[in-house]
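Chemist: Following this message is one structure expressed as C-alpha cells.
The values are calculated or read from the model by the stated rules, or taken from the named source; none is laboratory data. What you are looking at is a predicted structure, and each value in this text was computed from that prediction instead of being measured. Here the Cβ positions follow ideal geometry from the backbone for every residue, glycine too, while neighbour counts run over all protein chains shown. Surface accessibility is based on the protein's heavy atoms, side chains included, excluding ligands, DNA and RNA. Shrake-Rupley method; radii C 1.70, N 1.55, O 1.52, S 1.80 Å.
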Amino acid sequence: MKGFAMLGIGKTGWIDKDYPQCGPLDAIVKPIAVSPCTSDVHTVWEGAIGERSDMILGHEGVGEVVEVGSLVKDFKVGDKVIVPAITPDWNALESQSGYSMHSGGMLAGWKFSNFKDGVFGEYFHVNDADGNLAILPDNINPADAVMLSDMVPTGFHGVELADIQFGDNVCVIGIGPVGLMAVAGAALRGASNLYAVGSRPKCVEIAKEYGATDIINYREGDIVEQIMEKTHGKGVDKVVVAGGNVDTFIQAITILKPGGRIGNVNYLGSGDYIKIPRAEWGCGMGHKIIAGGLMPGGRLRMEKLATLMQTGRLDTSKLLTHKFNGFDKMEEALLLMKNKPKDLIKPIVMI
Ligand code: NDP
Ligand code: ZN
C-alpha cells in the first residue's frame, strides 16, 4: 500500500509499505477524510521527537473499518469511525492511574506518526479498537468530525489543564486551530473576558465567532503590556498556551494572577529549556501553576465530544479553510500547514 511519509528529518515523500497486521484486539481502517497537523510539521521539519525514517505521517482522521481482530466486540467491517490522535493501551498501569496518554511511557499513547505509521496511508492500524474508536454519528459531516481527532480534544484539554471556571478572565495564547478550540472550550466553560493572542486575519475573525472578547496582536506590541492595560494591571485568572515557543512562558507567568493556572498544549518543537521569570513567579512562592499535557484520546472522550457537535454547541466547520479531494493531495495539504498562509486555519483532505 501507498503512504505519505517522513523519510527523515526535513524530508517527506510517498513510500510503499506492507498492509498492516491486525492483532486480536485491533482494527484496520481505511481513511475517508484526514487532516495534517502542526505537530507533523514539528516532527518532520524541526526533528522535535528525533529521527524517524519511512514513517507514514498523520494522526487526524475518520475512516471505514475494513478488518477487526477476533476479540473486538463493538466494531465491525463497514463501520464509519472517528479515530483519535492518541490511542492508549487501556490495560497499562499509566491508564489505570488516569494518564492513558502516557501508557507505556511518557507520550507513548501517541502512536500514529510517532511510534508507528499514521493515517496518511491507504490503510492504517488501530490498537485496542474497542477502547479507541468511536462510531461516526450519521448527522456529523466526516470532514467536521476529523477535528474531533485532535483539534477539539487538544484545545479543550488546554482549558481543562488551566481549570477554567465561570467568570474567569482568560488569555488564550495562540489561535491556530488548537487555540481556537481552546477559545471555544473556554467560552463553554464560562470564561468572562477572553483575550485571544494571534495575528492571522482569518484566525482572528473566527476567534471572535468562538467567543473571544478581545484580540491581542503579538506582532504589533508586547503581549504583557496589552493584557495589563486591558485588565487595569491585574492580569488574568487563567492562561491557555496553544502557540509560541519556550519564551512564551515568560509572558504567560507575568500576566497570570497569583493562584492562577497555565494550561499548555503547545508542542515545544525546539529549545532546551522553558523560561520561568523568577520575580513574576513570586520568587517561587506565587502559586502560579504550570500544567502541560498531551491530549487524552480514547473512545469515551471522542463520543462525548461528538455529542457537543450533535447538540449544536460546537461547530468545527469554521476551522476548515482549505478542502482537497484525493489521496494524492496529502503532500499539498501538509505543506500548507508548514507554510501557514494568512487565510489558513486547517486543511482537510477527502479521500
Ligand atoms: P498554529 O501554528 O496554527 O497556531 C499557532 C498560533 O500561535 C497562531 O495563532 C500564531 O499566531 C501564534 N503564535 C506564534 N508565535 C507566537 C508568539 N511568539 N507569541 C504568541 N503567539 C504566537 O498551530 P496549531 O493551532 O495547529 O497548533 C498549536 C500547537 O499545538 C502546535 O505546537 C501543535 O503541535 C500543538 N499540538 C499539541 C497537541 C497536544 O496534545 N498537546 C496536539 C495537537 C497539536 P499567528 O496568527 O501569527 O500565526
Ligand atoms: Zn495533531
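Chemist: Per residue of segment 195-207, what does 6.51 cos²θ - 1.76 cosθ + 1.60 with θ = phi - 60° give for ³J(HN,Hα)? Whole Hz please, x for Gly and Pro, Karplus curve as stated.
Modeler: Coupling constants for segment 195-207: 8, 10, 9, x, 9, 5, x, 5, 5, 4, 4, 6, 4 Hz.
Chemist: What does the C-alpha gyration tensor say about the overall shape of segment 172-235? Classify as rounded when a/c is under 1.5, otherwise prolate if a/b is larger than b/c, or oblate.
Modeler: oblate
Chemist: Report, to the nearest whole %, how much of the accessible area of segment 208-351 belongs to carbon and sulfur atoms, 1.4 Å probe, protein only.
Modeler: Percent of accessible area from carbon and sulfur atoms in segment 208-351: 49.
Chemist: Taking amide H atoms as placed 1.01 Å from N in the peptide plane, list the residues 5 or more away in sequence, or in a different chain, whose amide H sits under 5 Å from that of Glu67.
Modeler: It is Ile28, by chain and number.
Chemist: What is the sum of charges, Lys and Arg at +1 and Asp and Glu at -1, for the other residues whose Cβ falls under 15 Å from the Cβ of Leu319?
Modeler: Surrounding charge for Leu319 is 0.
Chemist: How many nm is it between the label spots at Ser97 and Trp14, if each spot is 7 Å from the Cα in line with the beta carbon?
Modeler: 4.5 nm
Chemist: Continuing with this model, one more query. Just Gln251, Gln310, Gln165 to compare: in a GNM of the chain, with alpha carbon springs under 10 Å, which one fluctuates most?
Modeler: Most flexible of the set in this elastic network: Gln310.
Chemist: Could you work out which residue, out of Gly326, Gly198, Gly243, moves most in a Gaussian network model of the chain, that is, has the largest mean-square fluctuation with Cα springs under 10 Å?
Modeler: Gly326
Chemist: Once the whole set of protein chains is in place, how much accessible area is left on Glu64, using a 1.4 Å probe, in Å² to the nearest 10?
Modeler: Surface accessible to solvent at Glu64 totals approximately 50 Å².
Chemist: Further, regarding this structure: For the chain, find the longest principal axis of its Cα atoms and tell me its angle to the long axis of helix 299-310, 0 to 90°, nearest 10.
Modeler: 70 degrees
Chemist: Hey, another quick one. If R₀ is 22 angstrom, what is the calculated FRET efficiency for the pair Asp343 and Trp45, using the beta carbon separation as r and rounding to 0.05? Intermediate results must be reported in sequence, preceding the final value.
Modeler: Values: r = 21 Å, r/R0 = 0.97.
So the FRET efficiency works out to roughly 0.55.
Chemist: With every protein chain left in place and a probe of 1.4 Å, what is the accessible surface of Trp281, to the nearest 10 Å²?
Modeler: 80 Å²
Chemist: Next up: Enumerate the amide H contacts of Val236 below 5 Å, restricted to partners 5 or more residues apart or on another chain; note that Pro and chain-start residues carry no placed amide H.
Modeler: It is Leu256, Lys257, by chain and number.
Chemist: Could you give each residue of segment 64-78 its phi-based ³J(HN,Hα) in whole Hz, using Karplus coefficients 6.51, -1.76, 1.60 with θ = phi - 60°, and x for Gly or Pro?
Modeler: The phi angles translate into 10, 6, 10, 7, 10, x, 5, 9, 6, 9, 9, 10, 9, 4, x Hz.
Chemist: In square nanometres, what is the average projected area of the Cα convex hull of segment 154-292?
Modeler: Directional mean of the projected Cα hull area for segment 154-292 stands at 7.3 nm².
Chemist: Calculate, axis by axis, the spread of Cα positions in the chain along the three principal axes, and write the results as whole Å, longest axis first.
Modeler: 60, 40, 39
Chemist: Would you list the P(r) distribution for segment 72-198, with all Cα-Cα distances sorted into 10 Å bins from 0 and each bin expressed as a whole %?
Modeler: Reading the bins upward from 0: 12, 33, 34, 18, 2.
Chemist: Excluding ligands and nucleic acids, what accessible area in Å² is computed for His42 using a 1.4 Å probe, to the nearest 10?
Modeler: Approximately 30 Å² of His42 is accessible to the 1.4 Å probe.
Chemist: For segment 154-292, what does the accessible surface come to per residue with a 1.4 Å probe? Please give it in Å². Don't skip to the answer; put the middle values down first.
Modeler: Working: 6010 Å² over 139 residues.
Counting only protein heavy atoms, the per-residue value for segment 154-292 is 43 Å².
Chemist: Let me ask something else. From the phi angles alone, apply the Karplus equation (6.51, -1.76, 1.60; θ = phi - 60°) to segment 24-32 and give each ³J(HN,Hα) in whole Hz, x where the residue is Gly or Pro.
Modeler: x, 9, 9, 9, 10, 10, 10, x, 9
Chemist: Hey, another quick one. Note down the net charge around Arg261, summing +1 for each Lys or Arg and -1 for each Asp or Glu among other residues with Cβ under 14 Å from its Cβ.
Modeler: It works out to a net charge of 0.
Chemist: For a quick check: with amide H placed at 1.01 Å from N, whose amide H comes under 5 Å from Gly260's, ignoring anything fewer than 5 positions away on the same chain?
Modeler: Ile289
Chemist: Please report the carbon-and-sulfur percent of the accessible area for segment 19-147; probe 1.4 Å, protein heavy atoms only, DNA, RNA and ligands left out. All intermediate terms of the calculation are to be shown ahead of the outcome.
Modeler: On the way: 2580 of 4900 Å².
Answer for segment 19-147: carbon and sulfur cover 53 percent of the accessible area.
Chemist: If you don't mind, there's one more thing I want to ask. Beyond 20 Å, what percent of the Cα pairs of segment 253-318 remain?
Modeler: 54 percent
Chemist: Quick one: among Val65, Val183, Val146, which has the greatest mean-square fluctuation in a GNM of the chain with alpha-carbon springs under 10 angstrom?
Modeler: Maximum fluctuation in the GNM of the chain, among the listed residues, is at Val65.
Chemist: Based on Cα coordinates alone, diagonalise the gyration tensor for segment 114-180, multiply each eigenvalue by 5, take square roots, and list the semi-axes in whole Å, largest first. Numbers along the way, then the final one.
Modeler: On the way: eigenvalues 162, 44, 34 Å².
The equivalent ellipsoid of segment 114-180 has semi-axes of 28, 15, 13 Å.
Chemist: Could I ask something else about it? Considering only protein heavy atoms, what per residue accessible area in square angstrom results for segment 64-121 with a 1.4 angstrom probe?
Modeler: Result: 46 Å² of accessible area for each residue.
Chemist: While we're here: Kirkwood hydrodynamic radius, computed over distinct alpha-carbon pairs, for segment 230-351: how many Å, to one decimal?
Modeler: Details: mean 1/r = 0.0567 Å⁻¹.
Every distinct Cα pair counted, the radius reaches 17.6 Å.
Chemist: To continue, here is another question. Classify segment 205-259 as rounded, prolate or oblate from the Cα gyration tensor: take a ≥ b ≥ c as the square roots of its eigenvalues, call it rounded if a/c is under 1.5, otherwise prolate when a/b beats b/c and oblate if not.
Modeler: Rounded shape, in that the Cα axes give a/c under 1.5.
Chemist: Computed from the mean reciprocal separation of all distinct C-alpha pairs, what Kirkwood hydrodynamic radius does segment 33-142 have, in Å?
Modeler: Roughly 14.7 Å, rounded to one decimal.
Chemist: Pairs of Cα atoms under 8 Å, at least six residues apart: use those to get the relative contact order of the chain, whole percent. Walk me through the numbers on the way to the answer.
Modeler: Numbers: 884 pairs, mean separation 64.4, N = 351.
The normalised contact order for the chain reaches 18 percent.
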